[in-house]
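The values are calculated or read from the model by the stated rules, or taken from the named source; none is laboratory data. Small disclaimer: the values here were computed from a predicted structure and weren't measured. Ideal geometry is used to build each Cβ from the backbone, glycine not excepted, and the neighbour counts take in all protein chains shown. Ligands, DNA and RNA are stripped out before the accessible areas are found, and what is left, the full protein with its side chains, is counted by its heavy atoms. Shrake-Rupley method; radii C 1.70, N 1.55, O 1.52, S 1.80 Å.
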Amino acid sequence: MRVAMIGTGYVGLVSGACFADFGHVVTCIDKDPSKIERLNGGEIPIYEPGLDDLVATNVREGRLSFTLDGAEAIRNADAVFIAVGTPTRRGDGHADLSYVYAAAEEIAGLIEGFTVVVTKSTVPVGTGDEVEAIIRKANPNADFAVVSNPEFLREGAAIGDFKRPDRVVIGVNDIDNDVGQRARTVMGELYRPLNLNESPLLFVGRRTSELIKYAANAFLAMKITFINEMADLCEAVGADVQQVARGIGLDKRIGSKFLHAGPGYGGSCFPKDTIALVRTAQQYGAPVRLIETTVEVNDARKKAMAGRVETTLGDSVAGKTVALLGLTFKPNTDDMRDAPSLDIAPALIAAGAKVQAFDPEGMHEAAKLLDGVEMKANAYDAVTGADAVVIVTEWDQFRALDLDRVKGLMNQPVLVDLRNVYRSEDMLKRGFKYSSIGRG
Ligand code: NAD
């Protein structure tokens, strides 16, 4: 199959490279000249484990290419994917669909032969209808179908998630007529290599597919928020949230994933998708109050995290040096979108602290977003002279720090572990003032 992928970001680049690896011929298109230039020069513009090798192999074997001008690729494509960003629209919390609609306009004039236009971006219910209307209006004779195929990959584990997904959701309308059948055949063919892993392809209606993506993210965000509130309760009553999580997670109806208490969820998806779902639900007069509360609780939690430094220090941070270990919203990515560090660092600076930080992959992006934070070359440089160290992101290298060395480099040994990486007893034995999340 011939695939055109519009948008070569975290989702478009991974999806494009994986489809190429399945044997399809893929052209990744982006309007950002520096991104395309870097990709054509053999450089990967994002950090995602394994992606460099996957891209290099498929470029070498002639199945994957990158371009600023997608016209030819779109004309020749069996499937054109839209994988552009859908950030929160300023002011009202709805998803900003301007990039999706712009892509639809670009596709419209170029369609030749039967083409499946696939929305891979996370888009609110009804967006597929609008994409179809845009194309139909601009090119009334075009032979095409608009399909929803939301992406569930996780940054940091994206290739494995794409190649061995729990399921692939495909939303096709008019499945009983000829257009729907042809669209289904193309989508089935694209994902056929997954048959080997027995990953289910779930064919549903287009609106249902669009909603599945939001429902999944909202549920996961709610699960994290639930355990975060349990963590606060554990602290109040002297219980241990990790044991609570294990105790409930072993129940198969609950499941053990996404029960790690922490500083509140961030990232490129949960914050924007929960708010967008809330807005859609309000718009249709069917409010999702659990998710409204989830959004509120999580926002407040991220803002409250800086206060934990003062509580642990037993003093104001004014005039003190605080070291942040980890800045990205989770390990194994350079993605800084809505990361908890973006709340924590400014709050500490506003309270008068000097903040220095280290992140293995995120500092380039973080430096643009965190004014006044001094970036250091490694974890030990970051903790040097600090009155408190905060573990914000649980990168592997922060799980096995040389704690005696850390203690020796610090001004005073205070560690705020927002990811429960260390054990309280060990830390106290080593002479640290130590606090973590939900462990009494
Ligand atoms: P991103 O910002 O990393 O990438 C989007 C890319 O699209 C950018 O490179 C941008 O330059 C390009 N672009 C925008 N308009 C374009 C146009 N008209 N033509 C060509 N290129 C264009 O975004 P992302 O993280 O890959 O997310 C894309 C979508 O996938 C979003 O809807 C997101 O919610 C969803 N999603 C993301 C993840 C994730 O983990 N990042 C997971 C699942 C779903």
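Some notes on this structure:
- Angle in degrees between helix 289-313 and the longest Cα principal axis of the chain, rounded to the nearest 10: 30 degrees
- Overall, the accessible surface of region 296-435 at a probe of 1.4 angstrom is composed of carbon and sulfur to the extent of 47 percent.
- Region 348-388 pair-distance distribution - Cα-Cα, 10 Å bins, rounded %: 29, 57, 15
- Part-to-part distance (alpha-carbon centres) for region 341-420 and region 119-181, which is given in Å: 41 Å
- With the highest mean first, a sort of the peptides 191-200, 115-124 on other beta-carbon atoms found within 10 angstrom per residue produces 115-124, 191-200.
- Peptides 166-172, 389-395 ranked from most to least packed, by the mean per-residue count of other Cβ atoms within 10 Å: 389-395, 166-172.
- Solvent-accessible heavy-atom area per residue, rounded to whole Å², over region 296-435 at 1.4 Å: 42 Å²
- Expressed to the nearest 5 percent, the antiparallel share of DSSP beta bridges inside the chain is 5 percent.
- Distance from region 255-273 to region 1-66 (C-alpha centre basis), Å: 28 Å
- Per residue accessible area in Å² of region 38-78, where ligands, DNA and RNA are left out and the probe is 1.4 Å: 52 Å²
- As a length-normalised measure over Cα pairs under 8 Å and 6 or more apart, the relative contact order of region 67-221 settles at 22 percent.
- The candidates 82, 248, 254, arranged from most to least accessible area with a 1.4 Å probe in the full protein assembly, appear as 254, 248, 82.
- Fluctuation leader among 253, 154, 136 - the chain, Gaussian network, Cα springs under 10 angstrom: 253
- Counting heavy atoms of the protein chains alone, residue 47 has an accessible area of about 70 Å² for a 1.4 Å probe.
- Using just its DSSP H runs of length 4 or more, each adding -39500 (n - 2.57), the chain gives a mean residue ellipticity at 222 nm of -13500 deg cm²/dmol after division by all residues.
- GNM result for the chain, Cα springs below 10 Å: residue of 173, 378, 228 fluctuating most strongly: 378
- When the GluC sites (Glu not before Pro) in region 28-92 are filtered for DSSP coil states and for at most 14 other beta-carbon atoms within 10 Å of their beta-carbon, the remaining sites are 43, 61.
- Among 20-32, 313-325, the order from most to least packed when residues are scored by Cβ within 10 Å on average: 20-32, 313-325
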